[in-house]
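Below is one structure; the comments refer to it alone.
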Amino acid sequence: MRMLMRTALCIAALMMCVAMPFGTAQSSLVVQASSPIDSHQYSALEEVFITPSSGIYEPAPLENAVRWTWWSWSDSTGSDWPDDDALYRAEQLNLNVSELRTPQIYQYEVDDRNAVSIDGDVEILSGEFGYWFVQFHLEITPSFNLSDDTLLYIVLTEDVSVDHHGRQGMDLVHELRPEVGFSLQENNVTETTFSLSSDHLEAAGVDLQQEPTGWSYSLAMMNGSHSNETSINLLWLSSGPLPSFHQYTTASQTWMPIIFLAVALVICGAVITNSRERERGIPRIKAVWSASSSTTLLVQLRAGELGFQTHDWVVEAPWKFKGRPPKPSLKAMEQREFTIQFTQWHPEDCRFEVGLDIDEMGAWRQHVWLPSTPNATKEEGSVEDEPGGASL
């Protein structure tokens, strides 16, 4: 029993050590993935408001363009796609989506005056209690004074999206965030951070833990009147894949948890195997009182898969051995029966131990307890094992 307990404790401690790096990873804010803002300058933006029956929208033949696909029909169809931002965007454009029968398309070309430059990076961070964040660390510099109605739109799209009805969409917008926290003055540099929290992402149907890949971001700076498509100025446009831990994991990072687990399994297997081999190598002692004498003990020694030599016998007071008990040496699986005599009977339980030297294992002490009853059977006794010279 004690040996099994020690084995269990060893395995538990080992698994705790293996799991500790992963269990403490979320104790503070951790950058899971990061990438620089895509420096590629797109030439056009296409916004598409699809209808419930339009299916997968086939893109128009626009080169070097970013596409936002808007879905605004969740209330009427029961789809689990988000539609709040689509309805907000439709209202900005004075679009009545209830009247749509075919996809409504808006296209804007990027202003060629290089009105603004935006640099920085985008990060995926994890925090305590399973919280995840998307953060944009940006440096924004206007090339000339911008109008007060200038907005920076941060948009998250899903490359290929499928709702719970099986409906499919490409470049579907899940999150639209207009931002104004930057300077509009010529050559005035603004360093700022825009964050999308877990609550925001969850409401938008963005689960970076379950689906860490297949997402894209867009940064679009616009000004002008949204009530008239032709008066909207698209000052700057960038887009790229949202960084993912899986995309940016090195080979060593990918294999390290697997290696840790493999090592743990090997060690656990070795511990269990050694424990079983140890168990099979330990001798067995059976003792029962003689039916004809209350001071005579009938003893049976049986070797396990390892041989052993008997070194000594020790009995607890008030019991005393009469003479010296035998000190047999047994080969593997060999068995020997003999008797042990005591000087006199006592009402106290009889407790004694035998010192053994087991082949390949070394010193071992076997502890035996028997009720002080001449009629006691071997089932009424108790045998406990302990390595070395320790006693109970």
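Just so you know, all these numbers are worked out from the coordinates, no wet-lab data involved. As the structure is a computational prediction, the values presented were derived from the model and not from experiment. Please note: Cβ atoms are built from the backbone with ideal geometry, for glycine as well, and neighbour counts cover all protein chains shown.
Over all directions, average the projected area of the Cα convex hull of the range 101-160 and note it in nm². Can you show the working numbers first?
Details: hull surface 31.6 nm².
Computed as one quarter of the Cα hull surface, the answer is 7.9 nm².
Order 151-157, 139-145 from most to least packed using the mean count of other Cβ atoms within 10 Å.
Peptide ranking by packing, descending: 151-157, 139-145.
For Ser372, enumerate residues with amide H under 5 Å from its amide H, sequence gap 5+ or separate chain, H modeled in the peptide plane.
For Ser372, the qualifying residues are Asp349, Cys350.
Which whole-Hz couplings ³J(HN,Hα) result when phi for each residue of the range 176-191 is put into the Karplus expression 6.51 cos²θ - 1.76 cosθ + 1.60, θ = phi - 60°, listed in order with x for Gly and Pro?
Per residue, the Karplus-derived 3J(HN,Hα) values read 10, 10, x, 10, 10, x, 8, 6, 9, 7, 4, 6, 8, 7, 10, 9 Hz.
In Å, what Kirkwood hydrodynamic radius results for the range 285-335 from the alpha-carbon pair distances?
12.5
Please say if the range 106-205 is rounded, prolate or oblate, where rounded means a/c under 1.5 for a ≥ b ≥ c the square roots of the C-alpha gyration tensor eigenvalues, and otherwise the choice is prolate for a/b larger than b/c and oblate otherwise?
On the way: a/c = 2.86, a/b = 1.50, b/c = 1.90.
Verdict is oblate for the range 106-205.
Treat every Asp and Glu Cβ in the range 282-387 as -1 and every Lys and Arg Cβ as +1, leave all other atoms uncharged, and give the resulting dipole magnitude about the Cα centre to the nearest 20 debye.
Around 480 debye, computed over the range 282-387.
Among 93-104, 289-300, how do they line up by average Cβ neighbours within 10 Å per residue, starting with the highest?
Packing proxy ranking, top to bottom: 289-300, 93-104.
In the range 144-177, which residues have a backbone nitrogen under 18 Å from the label point lying 7 Å from Glu109's Cα in the Cα-to-Cβ direction?
none
Is the range 39-183 best put as rounded, prolate or oblate by its Cα gyration tensor, with a ≥ b ≥ c the root eigenvalues, rounded for a/c under 1.5, and otherwise prolate when a/b is larger than b/c, oblate when not?
oblate
So who's got an amide H within less than 5 Å of the one on Asn145, skipping anything under 5 residues away but keeping other chains? H placed 1.01 Å off N, in plane.
Glu186
Ordered by packing density, taken as the mean number of other Cβ atoms within 10 Å over each peptide's residues, highest first, how do 312-321, 41-50 rank?
41-50, 312-321
Classify the range 310-361 as rounded, prolate or oblate from the Cα gyration tensor: take a ≥ b ≥ c as the square roots of its eigenvalues, call it rounded if a/c is under 1.5, otherwise prolate when a/b beats b/c and oblate if not.
prolate
How long, wide and thick is the range 282-387, going by the Cα atoms along their three principal axes, in whole angstroms, largest first?
Largest to smallest, the principal-axis extents are 39, 23, 22 Å.
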